[in-house]
Amino acid sequence: MSPLYRKIALRLVPFLMLLYMVAFLDRVNISFAALTMNRDLGISASLYGFAAGVFFLGYCLFEVPANLMLARIGARRWIASLVVAWGVVSIATAFVGTRPQYVAARFLLGVAESGFYPGVIFYLTLWLPRTVRSRVMAAFMMALPISSCLGSPISSHILLLHNMLALKGWQWLFLLEGSPAIVLGAATWFVLADTPAVAPWLTPSEKAQLAFELRADEPTSQSGRAPAWVSTARASVTYFLFSVALYGLSFWLPKLLVSAGSSTLATGWWTAVPYLAGAVTMLLVSRQRGAYWLPAMFLFSGMGFLAAALVHSLAGALLGLSVAASGAFASLPLFWSTATARMGSGSAGATIAIINSVGAIGGFTGSFLMGWLYDFTHSYSIGLWTIATCMVLGAATSAEGSSTREPTPL
């Protein structure tokens with residue numbers, strides 16, 4: 001990586017990672033809250049899966065408008081507003097008293113977060129050419145497994161604050177884990193710059209060099225490529241299948257481990273293991289080149305889900321789910337690198353939002369299916385089989401979508 005892109009990455013990525021860590025933690029911390037909250041509010045497995053998934057309905061409905069707003073008013077103001085908004089909603093979730101209020105809070109959280117992730121993907125296309133985007137995206141997306149790796153034991157220990165100041169443990173969970181978003185939202189206003197042209201920490205010569213290289217990086221020919229709508233449709237299907245698996249795992253991992261014999265407190269530490277495995281694998285695989293890596297990681301993840309469905313001991317479940325998480329997280333930067341490599345800057349914002357919106361439907365499907373199938377069969381095995389099937393199908397669709405040769409890193 002050239003000194004210019006290293007400078008940009010070091011300036012932007014750590015802060016964006018921190019924002020994503022908080023976003024993902026606020027998104028999935030109901031998986032720990034559910035260990036006691038479901039009993040207090042009378043929430044069944046099906047309703048929990050629906051409430052976890054309804055987040056993605058709000059996310060999907062408002063994602064494309066949110067990304068268009070980012071392009072119109074600028075990343076700094078828009079991302080700052082979104083971060084503060086989801087922090088407020090997360091804190092408010094601590095005070096829901098009925099099941100409808102709980103579902104409504106999850107929907108509003110999805111609305112608040114809808115523009116952040118696709119907005120950051122689009123934002124990085126304004127700063128980095130395709131040749132370095134894969135590595136930088138991998139660094140940014142490392143926030144996802146790191147967030148859960150660190151947040152899982154923290155969440156389980158926050159639950160021990162039960163009845164402190166007359167609040168339940170799950171209420172403290174939402175209060176303490178939602179507050180950092182408000183602080184970071186205010187900081188976003190001062191840390192981010194809307195575009196390289198207005199970044200005070202780039203010299204005029206660096207701005208000129210970056211503008212030239214970004215123009216040269218624009219796709220100039222569609223020769224030998226599928227039409228843009230075909231690539232977008234294929235990427236959307238692949239991301240739907242991936243999201244079924246990722247959020248089926250993320251929202252249900254603590255309950256899967258408890259059902260395998262883990263205690264509530266120990267689950268916080270055991271849950272960190274699959275995410276740690278995912279972080280390490282993501283880091284290693286992001287440095288690889290070759291179209292086969294993306295479908296290979298989908299298949300690897302599918303094998304892990306299958307193993308977790310077949311082996312019912314805690315050690316076996318932990319091993320299978322670690323393999324599943326490793327393949328799923330490693331495929332994430334590979335997928336977005338491949339998808340964005342076919343986009344021009346003019347269409348990138350809307351195309352990314354479309355793909356991510358379809359993925360949001362997958363997130364709803366995965367979380368709801370796991371709950372519904374558990375209530376229907378009284379076992380998590382069928383749900384894990386279903387997720388494994390989705391990853392195998394994703395390997396097939398991503399293999400076709402990976403035919404474009406990836407650029408060589410600088």
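What follows is calculated from the coordinates using simple rules that are stated; it is not laboratory data. Note that this is a predicted model, so its numbers are computed, not measured. Quick reminder, even Gly has a Cβ in these numbers, built from the backbone with ideal geometry, and neighbours come from all protein chains shown.
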Handout entry: Separation of the T377 and V198 label points, Cα + 7 Å toward Cβ, nm
Key = 5.3
Exercise for the section: Subtract the Cα-Cα distance of L283 and W385 from 0.36 nm times their separation in residues, and report this length gain in nm to one decimal. Expected result: 34.0 nm
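To the nearest 20 debye, what is the magnitude of the charge dipole of the chain about its Cα centre, counting +1 on the Cβ of each Lys and Arg and -1 on the Cβ of each Asp and Glu?
So the magnitude is around 540 debye.
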Problem - Of (1) 29; (2) 9; (3) 19, the label for percent of Cα pairs over 42 Å apart derived from the coordinates - result: (2)
Fill in the blank from the handout: Out of A266, S337, P295 - ranked by how far each Cα lies towards the positive end of the dipole of the chain, with unit charges on the beta-carbon of charged residues - the top one is S337
Exercise for the section: Using R₀ = 25 Å, calculate the FRET efficiency as 1/(1 + (r/R₀)^6) where r is the Cβ-Cβ separation of L314 and L176; round to 0.05. Expected result: 0.35
Exercise for the section: Would you order T232, T203, T195 from fewest to most other beta-carbon atoms within 10 Å of each residue's own beta-carbon? Expected result: T203, T195, T232
Problem - Computed label-point distance, nm, for sites L165 and A216 using a 7 Å Cα→Cβ extension - result: 5.7
Handout entry: Helix 228-259 vs. the chain, principal-axis angle (Cα, 0 to 90°, nearest 10)
Key = 30
